[in-house]
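Visitor: Handing you a structure now.
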Amino acid sequence: MTRLGLHANPLSTRALDLARNVAEKLKGRAELVYSRELGQRLGVSGIPLQGLEADLVISLGGDGSILRTVRRTPCPVLGIKAGTVGFLAEVDPERDSLDAALERVLRGDYYTEERMRIGTQVGERVLPDALNEVVVHAAQVARMRHFELSVDGKPVGRLRADGMIVASPTGSTSYAMSCGGPAVDPALDAILVTALAPFASAPRTLVVSPYREVSLRCIGDDRPTVLVIDGQEEVPLGAGETVRCYRSGRRARLVRFSPRFFQRLQYESIVPWDPPENPHASLPSSS
């Protein structure tokens, strides 16, 4: 029998209601294992996600919930949207058939898409991997800092900005895009470096080979700086500390039914182009 993990945002009524619905649909058809947070809200036993063993984990919520799930379990994750933003989700119950999606899960009719994650170190401290981005910014609001960027230990340049974003291709459509970065096909491995509100310069994103290491540090003063991983964890930085970012050896695994990245760009209005008249038509041949 298929063994499925089930996790939902415990603070979202919508996600909890959907979790109950999913559990009822799967009752007797799969072995369900609940996360501790979800089990407490539903009144059933649960175990920490870190120790949950399953064929895959169903995560219900927004992108933040999916990021938390991916971070805490090595199992493949099927995201079901039950939040405001669900770009990482494979199933949107308002557009897709939830019943059909669950049937495919039970049949094993899906594939696992691997996504690059960013590893981060500060001194000897190894921090959790980021699926979306690592952000270094001033601890005080609206206080610019002077950042130095290095690649493979060699300084590239300095600039004043509110912060710096080091993103993966998955994170290219998140915070980095709001700062003028490009949308990058997540099938690629790359490291994107984007300035957050730079002073006296147009925003530019530097796309770096995944075989390189990107380093950031604040220079010029000892005002406090903060490192944020995937919007989930904040790490205070000491004066002059260097943040090293590189491709992690641990890849995220997302459950997919079909390759729909470019369709999602339109669904979420990330690429505001007019849709094709026939999305299934092939491109015209060159003459």
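The values are calculated or read from the model by the stated rules, or taken from the named source; none is laboratory data. Because the structure is predicted, anything quoted here is derived from the model rather than measured. Neighbour counts are summed over all protein chains in view; Cβ atoms, including those assigned to glycine, are modelled from backbone coordinates with ideal geometry.
Visitor: Out of everything in region 107-125 that is more than 19 Å from the chain's Cα centre (by Cα) and assigned to a strand (DSSP E or B), what residue ends up being nearest to Asp189 (Cα to Cα)?
Guide: Val122
Visitor: Let me ask another. Could you pull out the residue among Asp17, Asp55, Asp63 that is under 21 Å from Asp99 (Cβ atoms), in contact (Cβ under 8 Å) with a residue 40 or more places away in the chain and not basic (Lys, Arg)?
Guide: Asp55
Visitor: Looking at region 158-173, I want the residues that are over 21 Å from Glu148 (Cα atoms) and free of Cβ contacts under 8 Å to residues at least 60 places away in the same chain and have a partner that is crowded, with 22+ Cβ neighbours inside 10 Å and small (Gly, Ala, Ser) with Cβ atoms under 8 Å, at least 6 apart or on another chain. Which pairs are those?
Guide: Gly171/Ala130; Ser172/Gly181
Visitor: Quick one: which of Val235, Val214 is closer than 29 Å to Leu78 by Cα and either at pLDDT 90 or above or buried (at least 19 other Cβ atoms within 10 Å of the Cβ) (or both)? So that I can check it myself, show each step before the final result.
Guide: On the way: Val214 fails: closer than 29 Å to Leu78 by Cα.
So the residue among Val235, Val214 that is closer than 29 Å to Leu78 by Cα and either at pLDDT 90 or above or buried (at least 19 other Cβ atoms within 10 Å of the Cβ) (or both) is Val235.
Visitor: Here is a follow-up. Considering only region 86-122, how many residues are touching a residue at least 24 places away in the same chain (Cβ under 8 Å), out of contact with any strand residue (DSSP E or B) (no Cβ under 7 Å at 6 or more places or on another chain) and surrounded by fewer than 18 Cβ atoms within 10 Å (Cβ to Cβ)?
Guide: Matching residues across region 86-122 total 6.
Visitor: Would you mention how many residues in region 254-269 are touching a Pro at 6+ places or on another chain (Cβ under 9 Å) and assigned to a strand (DSSP E or B)?
Guide: 2
Visitor: Sticking with this structure for a sec: So Leu4 clears everything in (1) over 27 Å from Ser174 (Cα atoms); (2) crowded, with 23+ Cβ neighbours inside 10 Å; (3) at pLDDT below 95 except one condition, right? Which one?
Guide: It is condition (3) that Leu4 fails.
Visitor: Give the residue that is surrounded by the fewest Cβ atoms within 10 Å (Cβ to Cβ), with candidates limited to residues of region 150-186 that are touching a Pro at 6+ places or on another chain (Cβ under 6 Å) and part of a strand (DSSP E or B).
Guide: In this case the residue turns out to be Leu159.
Visitor: While we're looking at this one, here's another question. Does region 40-55 contain at least one residue that is surrounded by 24 or more Cβ atoms within 10 Å (Cβ to Cβ), out of contact with any Lys or Arg (no Cβ under 8 Å at 6 or more places or on another chain) and not in a loop (DSSP other than H, G, I, E, B)?
Guide: No, the conditions are met nowhere in region 40-55.
Visitor: Given Gly62, Gly79, Gly46, Gly28, which one is in contact with a Ser or Thr (Cβ under 7 Å, 6 or more places away or on another chain), farther than 20 Å from Ala130 by Cα and outside the structural domain of Asn132 (by TED's automatic domain parsing)?
Guide: One residue alone meets the criteria, Gly46.
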